[in-house]
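Student: One structure, as structure tokens, below. Some questions next.
The values are calculated or read from the model by the stated rules, or taken from the named source; none is laboratory data. Being a predicted model, the structure only gives us computed values, none of them experimental. We place every Cβ from the backbone using ideal geometry, glycine too, and count neighbours over all the protein chains shown.
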Amino acid sequence: MCGIVGYIGTKDAYSILLKGLKRLEYRGYDSAGIALIDDLNLNITKKEGKVIRLEEADCKKEGSVGIGHTRWATHGEPNDENAHPHLSNNGSLAIVHNGIIENYGSLKIELKKKGYHFSSETDTEVLVNFIEDIQKTESLSLEDAVRVALSKVVGAYAIAVISKEDTNKIVAARKGSPLVIGLKNGEYFLASDASPIVEHTNEVVYLNDGEIVVLTKENYFVKDAKDIPQTPYVQTLEIKLEELEKGGYDHFMLKEIFGQPDSIADCMRGRLNVDTGNLVLGGIQSYSKALQNADRILIVACGTSWHAGLVAEYFIEELCRIPVEVEYASEFRYRNPIIKEGDIVIAISQSGETADTLAAIELAKDRGAIVLGVVNTVGSSIARVTHEGTYLHAGPEIGVASTKAFTAQLTVLYMIFLKLAFHKGTIAQNKYRQLLTELGKIPEKAAIALKSNEKIKEISKRLKDARNFLYLGRGYNFPVALEGALKLKEISYIHAEGYPAAEMKHGPIALIDEQMPVVFIATKDGSHDKIISNIQEVKTRKGIVIASETKGDAVIPKMVDYTIEVPVTHESLMPLVSVIPLQLLSYHIALLRGTNVDQPRNLAKSVTVE
Ligand code: M6R
């Protein structure tokens, strides 16, 4: 949540920062701002709303040192005052911040006593004045004042600070929120993730928690919180610029939905060999014995990643016969969970930055669990704090509504546990080969599922004005129902609920009338007859039924209002294809309702606050 950028070098910083903010806008779009140093002046422009409003604003654009911010509001409503960068009282310092300063209230009281005044409601404005105060009273350099201030701050942050008294310098620091430095001769870039940096350089340093970096036009220095110099680990980025563009699609979400045949194949590339029956997942090899001997597995995640965990629960228990508990990371950490030394905890996250998931990981580690990450974003915090883990390799996901990450998470988790089942001997060799072969066919089946796009567009026209939706599925398709409902809610703002189909009669059936669309994920599986009965129950009450069904189903098309066909696959792999029509349905309904599909209101891609 919130994106920060910084640039120091010889070029015009404004355009670099502005472009960087556009790349980071998916992290928050309540307001945007830029601070630039030009000679001895510190010029700040900030505007409520999206980066485009900042771009349209009349402002001074000169300077080759600057910082920028795109905001997801925490403290204070989205308006110009609360927008970052924030200026300190004497006008010498400007700061951008991603995170929350928890003890800002007490710091503010102390600063007010000293005569400081505040024009915003933000915790960030308190922090910049705290730094100014320390710098003044202790006559410290900017970096020392930042270090001292941060030692007294409680909370999570990634910050960047510039000073008009020290014009060849950006000081940045992180704790709990990500920060990446891009390195180029005579130029340094700073950003919340690598996306603004990749077009300038692919040499980067991911700052570690507690580290402070000083960037000048000539050099950069990293120190830890105790002021001890660190040797930064320089990495080469593997992201390609075109992965960050819409590539001819109207929205990132549509590109990401249609990219699934490729992203699923990318997850399997170099890992799964259908011909030899080989499955290799390098990232978690040292813990393969621990996985084999696990008495139980805990999965922690949020949102769509939590839904992927629920699907995984079904196939892990079925294939490996290991009990699985899937926990909302936000609940897990606050309910004193029972974790035994050596328990396996799997953390699933697209961004690798979700604050609740990070906190759940810390708790599990403190209690002696082995924590494995299933993460998409390379170099992210979760990838770094877990004992081991495996990347999805799905490429950057930019649409706020998660789509390709879900199918990638399922693919990777399936590979891990199919292999484990084979090693544990909980499935026969021929079943292993059959499932492996079927997994290998998922990219082509995902491509077939996408062929329903035009039909779904037509169905969406009939349903776009509904005020509520129910999504129902059984077995493996129950988490898919939850995911379908979440997708619709977050981008179309229509209230939607997912339920196990059989639970309908225990309450939700009361909602059904001729206005209520009910989406059944009714692909052929062990509970097909049962779901037919559930459809009947809805039709009897005049509900509008949309059913995704497998090719060749002779019964369902005769019973329902709209059908969407999905290709046949093994029941345990069905979520990988049955989710696709639901992603498309929410996309088209949102589009028809005129919402911002890629940047839905109130949301942000990386939820870095609790
Ligand atoms: O990056 P993560 O996978 O940890 O994010 C978890 C959720 O915030 C995320 O899945 C969210 O629910 C999406 N907007 C859903 O589309």
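Student: Scan the stretch 560-601 for residues that are of a type outside the set (A, V, I, L, M, F, W, C), part of a loop (DSSP other than H, G, I, E, B) and either touching a strand residue (DSSP E or B) at 6+ places or on another chain (Cβ under 8 Å) or away from the ligand (no atom under 16 Å from the Cβ) (or both) and jot them down.
Tutor: ASP561, PRO567, THR569, HIS570, GLY594, listed by residue number.
Student: Could you please give the count of residues in the stretch 73-108 that are over 25 Å from the mean Cα position of the chain (by Cα) and acidic (Asp, Glu)?
Tutor: Total satisfying the criteria: 2.
Student: Just name the residue that is farthest from THR595 (Cα to Cα) out of those in the stretch 480-512 that are out of contact with any strand residue (DSSP E or B) (no Cβ under 8 Å at 6 or more places or on another chain) and modelled with pLDDT of 95 or more.
Tutor: Selected residue: LYS487.
Student: Another question about this same structure. Among the residues of the stretch 322-346, write down those that are away from the ligand (no atom under 16 Å from the Cβ), at pLDDT 90 or above and among the acidic types (Asp, Glu).
Tutor: Residues satisfying the conditions are GLU325, ASP343.
Student: Take the residues of the stretch 347-393 that are in a helix (DSSP H, G or I) and among the β-branched types (Val, Ile, Thr): which is nearest to the ligand (Cβ to nearest atom)?
Tutor: So the residue we want is THR357.
Student: Has the stretch 118-126 got at least one residue that is of a type in the set (Gly, Ala, Ser) and touching a residue at least 12 places away in the same chain (Cβ under 8 Å)?
Tutor: The answer is yes, given that some residue of the stretch 118-126 is of a type in the set (Gly, Ala, Ser) and touching a residue at least 12 places away in the same chain (Cβ under 8 Å).
Student: For the list (1) in a helix (DSSP H, G or I); (2) over 23 Å from the mean Cα position of the chain (by Cα); (3) of a type outside the set (Val, Ile, Thr); (4) surrounded by 16 or more Cβ atoms within 10 Å (Cβ to Cβ), I need the number of the one condition that PRO337 fails.
Tutor: Status for PRO337: all satisfied but (1).
Student: Still on this structure, please answer the following. For GLY543, indicate whether it is farther than 16 Å from TYR476 by Cβ and at pLDDT 90 or above.
Tutor: yes
Student: Go through (1) within 11 Å of the ligand (Cβ to nearest atom); (2) at pLDDT 90 or above for ALA604 and report which single condition fails.
Tutor: Among (1) within 11 Å of the ligand (Cβ to nearest atom); (2) at pLDDT 90 or above, ALA604 violates only (2).
Student: Which members of the stretch 344-385 meet the condition of being acidic (Asp, Glu) and under 15 Å from the mean Cα position of the chain (by Cα)?
Tutor: GLU353, ASP356
Student: Still on this model: Would you point out the residue of the stretch 398-432, among those that are closer than 18 Å to GLU571 by Cα and within 16 Å of the ligand (Cβ to nearest atom), that is surrounded by the fewest Cβ atoms within 10 Å (Cβ to Cβ)?
Tutor: Step by step, filter the stretch 398-432, then rank; the result is LEU413.
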